[in-house]
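Trainee: One structure coming up, written as structure tokens, with questions to follow.
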Amino acid sequence: MSNSAEPLIAGQVPLHEIMARLGRERPVFHSEADLRLAFVRALWALAPEIAPRLEVGQHQTGPVELLDLLCLGPLGTTAVEFKYFTARWAGTVGDHREQFSLRAHSSDDVARHRYVSDIERLERFCTPTHPRNGIALMVTNATTLWSPPLPHRQPTRDTEFRIHPGRSLSGTLLWGGGDYPANTRVLRGRYELRWRPYAQLDGMNGELRYLTVEVAPDPTSGDS
């Protein structure tokens, strides 16, 4: 689905309100697990009636898969997958002068592939049997992830997985032109990509942004 409408968590809390609160209270995170915990705390502060559940097993036709976060509320249910990819940065943040030392994560192409894989997973988890929306959320200070490729650059193996602003993801996405079938991902929806500012820290790689894709239940899918 298009990202033109603001995603809601459990049918009631706009995602941007959670991210704005997070940006003020936690402009940077030690790890992806730290991000998940901080997100849950911010959600709880805004809507204590919503019950968050971490690492919930999703029973598909194959092995059980773990969903990062399931938000259960009186008005709806939302599945959330998180990605936190970092470039090298070190500094102190907040009133407690908390020290952070972010390491450079794996290659950008791996980051893009894992994010698209989250979208594909959410499409499996959001069905009429499980009528929920899904949100794939990435937070990063790696500018290469939101920057478009240089003009006239030769295609790379992750060309169809690029996630810079203005891109749209849909259909069959081939890795390396199809040379690596195990890395192929197939999306039933069409997703327009829009990055938003998250926080600004001092120094090189101090800018953080976030990307969200919202997945709607598949009206044609049966029990997953």
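The values are calculated or read from the model by the stated rules, or taken from the named source; none is laboratory data. Computed from a predicted structure; not experimentally measured. Please note: Cβ atoms are built from the backbone with ideal geometry, for glycine as well, and neighbour counts cover all protein chains shown. Quick note on the areas: whole protein, heavy atoms, side chains included, nothing else; ligands and nucleic acids left out. Shrake-Rupley method; radii C 1.70, N 1.55, O 1.52, S 1.80 Å.
Trainee: Can you tell me which residues in the range 68-125 are in contact with an Asp or Glu (Cβ under 7 Å, 6 or more places away or on another chain), β-branched (Val, Ile, Thr) and closer than 30 Å to GLY171 by Cα?
Mentor: Answer for the range 68-125, where residues must be in contact with an Asp or Glu (Cβ under 7 Å, 6 or more places away or on another chain), β-branched (Val, Ile, Thr) and closer than 30 Å to GLY171 by Cα: just VAL80.
Trainee: With the structure loaded, tell me whether ALA5 is aliphatic (A, V, I, L, M), on the phi < 0 side of the Ramachandran plot, open to solvent by 10 Å² or more (accessible area, probe 1.4 Å) and in a loop (DSSP other than H, G, I, E, B) or whether it fails that test.
Mentor: Answer is yes for this residue.
Trainee: Continuing with the same structure: Would the range 38-58 turn up any residue that is touching a Lys or Arg at 6+ places or on another chain (Cβ under 8 Å), in contact (Cβ under 8 Å) with a residue 40 or more places away in the chain and not polar (S, T, N, Q)?
Mentor: Checked against the condition, which is being touching a Lys or Arg at 6+ places or on another chain (Cβ under 8 Å), in contact (Cβ under 8 Å) with a residue 40 or more places away in the chain and not polar (S, T, N, Q), the range 38-58 yields no hits at all.
Trainee: Could you list, in sequence order, all residues of the range 78-115 that are of a type in the set (Ser, Thr, Tyr) and either at pLDDT below 95 or under 24 Å from GLU25 (Cα atoms) (or both)?
Mentor: THR78, TYR84, THR86, THR92, SER101, SER106, SER107
Trainee: Follow-up. Looking at GLU55, is it in a strand (DSSP E or B) and acidic (Asp, Glu)?
Mentor: In short, yes.
Trainee: Here's another thing I want to ask about it. Restricting to the range 59-78, give me the number of residues that are free of Cβ contacts under 8 Å to residues at least 12 places away in the same chain and among the β-branched types (Val, Ile, Thr).
Mentor: 1
Trainee: Go through the range 22-37 and report how many residues are in contact with a helix residue (DSSP H, G or I) (Cβ under 6 Å, 6 or more places away or on another chain) and open to solvent by less than 50 Å² (accessible area, probe 1.4 Å).
Mentor: Result for the range 22-37: 2.
Trainee: Against the definition (in contact with a Phe, Trp or Tyr (Cβ under 6 Å, 6 or more places away or on another chain), open to solvent by less than 80 Å² (accessible area, probe 1.4 Å) and either in a helix (DSSP H, G or I) or not aromatic (Phe, Trp, Tyr) (or both)), how does LEU137 come out, yes or no?
Mentor: yes
Trainee: So which residues in the range 141-193 are touching a Gly at 6+ places or on another chain (Cβ under 6 Å) and at pLDDT 95 or above?
Mentor: Scanning the range 141-193 gives no hits.
Trainee: Another question, if that's okay. Any idea how many residues of the range 44-66 are open to solvent by less than 50 Å² (accessible area, probe 1.4 Å) and modelled with pLDDT of 95 or more?
Mentor: The total comes to 4.
Trainee: Sticking with this structure for a sec: Could you tell me whether any residue of the range 106-128 is among the hydroxyl-bearing types (Ser, Thr, Tyr), closer than 18 Å to ALA38 by Cβ and part of a strand (DSSP E or B)?
Mentor: Checked the range 106-128: no residue is among the hydroxyl-bearing types (Ser, Thr, Tyr), closer than 18 Å to ALA38 by Cβ and part of a strand (DSSP E or B).
Trainee: Turning to a different aspect of this structure: Take TYR115 and tell me if it is surrounded by 20 or more Cβ atoms within 10 Å (Cβ to Cβ), under 21 Å from LEU187 (Cα atoms) and either out of contact with any Ser or Thr (no Cβ under 8 Å at 6 or more places or on another chain) or not aliphatic (A, V, I, L, M) (or both).
Mentor: So TYR115 fits the description; yes.
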